[in-house]
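Taking it in order: structure first as structure tokens, then the write-up.
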Amino acid sequence: MSSGGHQSTDIVDVAKGRAPSLEEKVSTPDRDAIAMKDDVGPAASGSDTDEPLRGPNGEEYPSKRDLETLRRVKGRISPIIYTIAFIELCERFAYYGTTAVFVNFIQQPLPPGSTTGAAGTFGQPGALDKGQQASTGLVTFNSFWSYLMPLLGGYLSDTYWGKYKTIHVAIGIATFGHLILIISALPPVIKQPNAALGIFSLGLIFFGMGVGFFKANISPMIAEQYEASHPRPVIETLKSGERVIKDPVLTISVIYMRYYFFINVGSLVGQISMVYAEKYVGFYLSFTLPTALFLFCPLVLLTFKNRYVRRPPTGSVIGKFFGLLRLGMKGRWSANPIKLWKNVREPGFFERVKPSNFPESERPAFMSSFDDNWVLEVKRGVRACQVFLLFPIYWLPYNQLNSNLTSQAATMVLGGVPNDVINNLDPIALLIFIPICDKLFYPFLRKMGYNLTPIKKITIGFALGTLAMVVGAIIQHYIYWKSPCREISGYGYVADCKSALGLDDNADERDYKPQLSVWIQTPAYILIAFSEIFASITGLEYAFTKAPKNMRGFITGVFWFAQAFSAAIAQAFVPLSSDPYLVWLYTTVAIIAAIGGMLFHFAFRKLDQEEEALNTLPDSVFKGSRNQNEDFEAVKEAQAEADRIRHAQGLDEKLGTSS
């Protein structure tokens, strides 16, 4: 496909015999056309023989036995991928740098004598003085809105604009939102708390919309840069003589690990620097600097535009997706949720709605644009969406990080450290442990022959999130128990301890706070960080590898929508987000997360058995309104090639599609 003068490489190019070899770098148009033989070797006939299974460029594909016995390794990651990771770094700096100060901006009062919200080393920054419930409510709304919008952003990308253009639109909308937030924090405006809150709330609308459009498209775009030239696993012989499988899915997993590393570089630098900008200069600076860095995103995108793989939208894909599901559910709807779940997951659900199973005269009109293989891709995408159904429960502990845990920090001895800088222990832990998992832990497991599959990883993520909330509950109990106000106000009241003790505004914090260092929150943040490594990163990977190729923006939006839904659920906990109920808040979230993790494990553990087969489905033919120039004959050639390889590898049998 064309990308502004650059001919990208994908499975269609492989089928037509013009893809470069795996050792070559896909960088110039001249190297994208390599005429090679079109056969895939004798082993593609359907029997697992000793003859190597060859691709159009002479590469060797793994046999059925190879898939069962050989070690998996990652492929070479092109530098162009890191330019997209840098774009995400800038965007995350802008997002987290801005949102890091939301709690103090909304909850805390304007410090005496301050016109900007700054409070100096030992003061508490603040602005609008709306209290913890208001801050928790607005922070939760921002999270909900920012993670609802990926659904719309993914839809627009898949149907009309493509990922590259949608990212530019997202940047424009988010920048406008950033500018409104800056206005809400200017000294003349901040003096009027109600007016500032209204302007701030308006800014959140545009801010969250831009964030959502961006998130639905940046993560699939980064993985597509590798997948286009490495569509399936190949055999490679190392210098040691060991034969290994160079696995594109494993490589994409590594790409997402490193992508997440870049996310947290931006998050960490943004949060720490903007919290100190808030503390010593004011909130307007905390909103302005992230906006300035955000403007690097379009500059990098434009600079490398002709180097990126840019898949075009196909048009009208979402309607056909839901049309297919509606046809499959005909006569199978039930008010009983258990029966409905069984009906959706019953064997043969998608086999019945393949176009080939309908006589042409009886085939629904919406089926005219796609083939049986697209139905298989939809089946795989629906399974991913089912996996994401329980993710709202996973996100509940994570969502405490920037709301209630930040407020909890303010009630302990800070020693001059801003309360909203403590949650940076989460990205710090991620920056330490992502490389350890990437370079040491996961390779060690693979070398020992243990495959930590996506469902197992996500289950571990649930467990770690649960433990983080247990830690939060224990800390909150000791805050209440050791509060200097306990004998006056009773157990569970610390918010107004200074006034209850009759102390003035300049009193030392040790006189009215429990003698607990804020750093005892460290285990909670580290546990949340580990849970992200196992669940959040894996979820992004799962959304990309399981979605139909022309619906990756939308399915990624479904993944992020789980966090929006979690934020909506969290609104139910807002009444618990104040004294004396905070111990119950953390305990309740821990119990819900534990139950969710157990349900997840038992509901989806069998999906791991089909992981290899799900990742190697052949490309589909989809004739949409916006891809009329695609070479559909080449796609059909690629399908035939992929089918022969899958049959030789025994993968069609794993999905029950063997003829």
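DSSP assigns beta bridges within the chain; of those with both partners inside it, close to 65 percent run antiparallel.
By the combined test of axial Cα extent (at least 24 Å) and Kyte-Doolittle hydropathy (mean at least -1.0), the qualifying DSSP H helices of the chain come to 79-99, 131-156, 162-184, 193-227, 248-280, 372-388, 454-481, 552-571, 582-604, 632-649. The alpha carbon centroids of the stretch 272-326 and the stretch 375-452 are separated by 21 Å. Short-range pairs are left out: with C-alpha atoms under 8 Å and at least six residues apart, the relative contact order of the chain is 22 percent. Dividing the summed -39500 (n - 2.57) terms of all DSSP H runs of n ≥ 4 by the residue count of the chain sets its mean residue ellipticity at 222 nm at -18500 deg cm²/dmol. The Cα center of the stretch 52-128 and the Cα center of the stretch 514-582 differ in position by 14 Å.
Stretching Lys339 away from Asn194 to a fully extended chain increases their span by 47.2 nm, per 0.36 nm per residue minus the current alpha-carbon distance.
Going from the residue with the fewest nearby Cβ atoms within 10 Å to the one with the most, Ser286, Ser143, Ser368 rank Ser368, Ser143, Ser286.
If you plug the beta carbon distance of Val281 and Leu389 into 1/(1 + (r/R0)^6) with R0 = 25 Å, you get a FRET efficiency near 0.05.
When Met469, Met367, Met448 are arranged by Cβ crowding within 10 Å, least crowded first, meaning fewest neighbours, the order is Met448, Met367, Met469.
Here are some values of volume of the Cα convex hull per residue in Å³: (1) 153; (2) 260; (3) 194. Which one was computed from this structure? Label of the calculated value: (1).
What the Cβ-Cβ distance of Tyr491 and Tyr160 gives, at R0 = 45 Å and to the nearest 0.05, is a FRET efficiency of 0.20. Only alpha carbons enter this Debye calculation for the stretch 316-360, each as an equal point scatterer, and the log10 of I(q)/I(0) it gives at q = 0.17, 0.23, 0.26 Å⁻¹ is -0.53, -0.86, -1.00. Label separation (Ala365 vs Phe322): 1.7 nm, computed from points 7 Å beyond Cα along the C-beta direction. Maximal additional length on extending the Ala568-Glu610 stretch stands at 11.8 nm, based on 0.36 nm per residue less the C-alpha distance.
Cβ screening of the chain for cysteine pairs under 4.7 Å finds these without a partner: Cys90, Cys297, Cys385, Cys437. Projecting label points 7 angstrom from Cα along Cα→Cβ for Leu179 and Ser201 puts them 2.3 nm apart. Subtracting the Cα-Cα distance of Glu633 and Leu431 from 0.36 nm times their residue separation leaves 68.1 nm of extension gain.
Taking 27 Å as the limit for the C-alpha separation, the pairs Lys342/Lys457; Lys191/Lys482; Lys74/Lys549 exceed it in the case of Lys191/Lys482. Once both labels are positioned 7 Å from their Cα atoms along Cα-to-Cβ, the gap between Leu445 and Leu238 label points is 1.9 nm.
With a Förster radius of 35 Å applied to the C-beta separation of Trp481 and Phe122, the computed FRET efficiency comes to 0.85.
Coordinate-derived values only; no laboratory data. Quick caveat, the model's predicted, so the values are computed rather than measured. In this analysis, Cβ positions are derived from the backbone assuming ideal geometry, glycine residues included, and neighbour counts consider all displayed protein chains.
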